[in-house]
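In what follows, a structure is listed as structure tokens, so that the remarks can point back to it.
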Amino acid sequence: MTSFIPTRALAQTFAWIPRGLALGVLAFVIFGPLTNLGLWAVAEKWYFPHTLPLQYGFSFWERVFAPRSNAMASLATSVTIALLTVAACLAVSVPAGYALARLRLPWRGAILLAFLLPQAFPSVAVYINVAHIFYTLGLNGTVAGVVLVHTVHGLVFSVWITAAAFGAVDRSLEEAARDMGAGPLRSFFGITLPLAAPGVMASSIFVFLESLDEFTGTYFVGVPDISTLPLLMFNAGMGGNFQIAAITALILLVPSVGFMLVIERFLKADVLAKVGH
């Protein structure tokens with residue numbers, strides 16, 4: 001008895017060590033790359049074998065935010081393409097999502113799976129063939145061509161989440177509006193669409209972020225005439241200009257983190273429960 005009590009107390013004393021090690025490894029995996037990114041963003045001089053930068057400063061930030069820098073032009077192009085992609089996805093996903101959620105469509109499951117097909121194949125092979133087709137149509141190197149590629153990719157999120165948002169709307173509210181004399185269009189725009197708006201907004205944010213960060217399709221369809229921020233980051237990284245690559249990555253990271261917090265407010269549990277049903 002006298003030897004059991006010290007052993008148990010000793011085990012309780014050191015019980016935090018495995019949990020502490022696990023949390024430390026998890027924190028390193030999550031924050032290690034971000035810390036390295038932040039260091040490169042403020043590093044004026046940093047080369048092997050030094051563990052930390054030799055000189056800190058913001059001269060590379062001044063280059064990126066210069067009025068005539070390629071970064072600002074690329075950011076404007078990225079935002080323009082992302083907004084056009086959101087508009088194109090909504091033009092398809094709102095009527096498609098309503099039909100999938102409310103109407104008795106044959107092959108409904110197959111239609112939903114069809115929007116997943118572009119994700120089922122290797123993206124490089126898909127984009128090479130798309131680039132070949134777009135070249136014959138004169139869409140290579142144009143904003144319209146890049147928006148089309150991003151739209152095909154974004155429709156997965158847009159249609160599935162929008163259909164779930166419409167599916168979560170209580171049908172009895174629409175029926176009550178019909179009983180009071182509202183037509184199909186008035187009940188849709190007055191009842192159904194406003195109630196589904198948070199889910200539609202969440203899908204739009206997903207599409208915007210996906211388009212803002214998209215690289216592969218833009219590379220095969222847009223280069224060399226279209227330059228977006230991910231392409232600029234890639235070229236800077238391949239050219240050894242890690243400061244510019246880190247700063248552009250942080251610029252892309254800010255809206256992603258901000259919009260993800262917004263999505264958390266819009267995307268409720270009842271909408272998530274309807275995804276895929």
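The values are calculated or read from the model by the stated rules, or taken from the named source; none is laboratory data. What you see is a predicted model, and the numbers here were worked out from it, not measured in a lab. FYI the Cβ positions are ideal-geometry reconstructions off the backbone, even for glycines, and counts take in every protein chain you see. Ligands, DNA and RNA are stripped out before the accessible areas are found, and what is left, the full protein with its side chains, is counted by its heavy atoms. Shrake-Rupley method; radii C 1.70, N 1.55, O 1.52, S 1.80 Å.
Here are some notes:
- The single residue among Thr192, Thr228 that is over 28 Å from Tyr135 (Cβ atoms) and open to solvent by less than 20 Å² (accessible area, probe 1.4 Å) turns out to be Thr192.
- Here Thr13, Thr51, Thr2, Thr85 are screened, and the one residue that is β-branched (Val, Ile, Thr), open to solvent by 50 Å² or more (accessible area, probe 1.4 Å) and either closer than 30 Å to Ala165 by Cα or modelled with pLDDT of 85 or more (or both) is Thr51.
- A single member of Gly141, Gly154 is closer than 24 Å to Ser204 by Cα and open to solvent by less than 50 Å² (accessible area, probe 1.4 Å), and it is Gly154.
- Yes/no for Gly183 being open to solvent by less than 40 Å² (accessible area, probe 1.4 Å) and more than 22 Å from the chain's Cα centre (by Cα): yes
- Taken over region 16-48, the criterion of being open to solvent by 90 Å² or more (accessible area, probe 1.4 Å) and part of a strand (DSSP E or B) is satisfied by Lys45 alone.
- Filtered residues of region 57-82 (kept if under 20 Å from the mean Cα position of the chain (by Cα) and surrounded by fewer than 16 Cβ atoms within 10 Å (Cβ to Cβ)): Ala76, Thr80
- Restricting attention to region 168-180, the residues that are in a helix (DSSP H, G or I) and open to solvent by 20 Å² or more (accessible area, probe 1.4 Å) total 8.
- Within region 88-124, considering residues that are farther than 24 Å from Phe208 by Cα and either part of a helix (DSSP H, G or I) or in contact with a strand residue (DSSP E or B) (Cβ under 8 Å, 6 or more places away or on another chain) (or both), the one least open to solvent (accessible area, probe 1.4 Å): Arg102
- Residue list for region 92-111, filter: without any contact (Cβ under 8 Å) to a residue 40 or more places away in the chain and closer than 15 Å to Gly199 by Cα: Pro95
- From the list Ile161, Ile226, the one residue that fits, being in contact (Cβ under 8 Å) with a residue 60 or more places away in the chain, part of a loop (DSSP other than H, G, I, E, B) and either β-branched (Val, Ile, Thr) or touching a strand residue (DSSP E or B) at 6+ places or on another chain (Cβ under 8 Å) (or both), is Ile226.
- Close contacts from region 126-149, counting a first residue that is touching a residue at least 60 places away in the same chain (Cβ under 8 Å) and a second that is acidic (Asp, Glu), with Cβ to Cβ under 6 Å and a gap of 6+ residues or different chains, come to Gly141/Asp225.
- Verdict on His132 being in a helix (DSSP H, G or I), exposed (fewer than 15 other Cβ atoms within 10 Å of the Cβ) and out of contact with any Ser or Thr (no Cβ under 9 Å at 6 or more places or on another chain): yes
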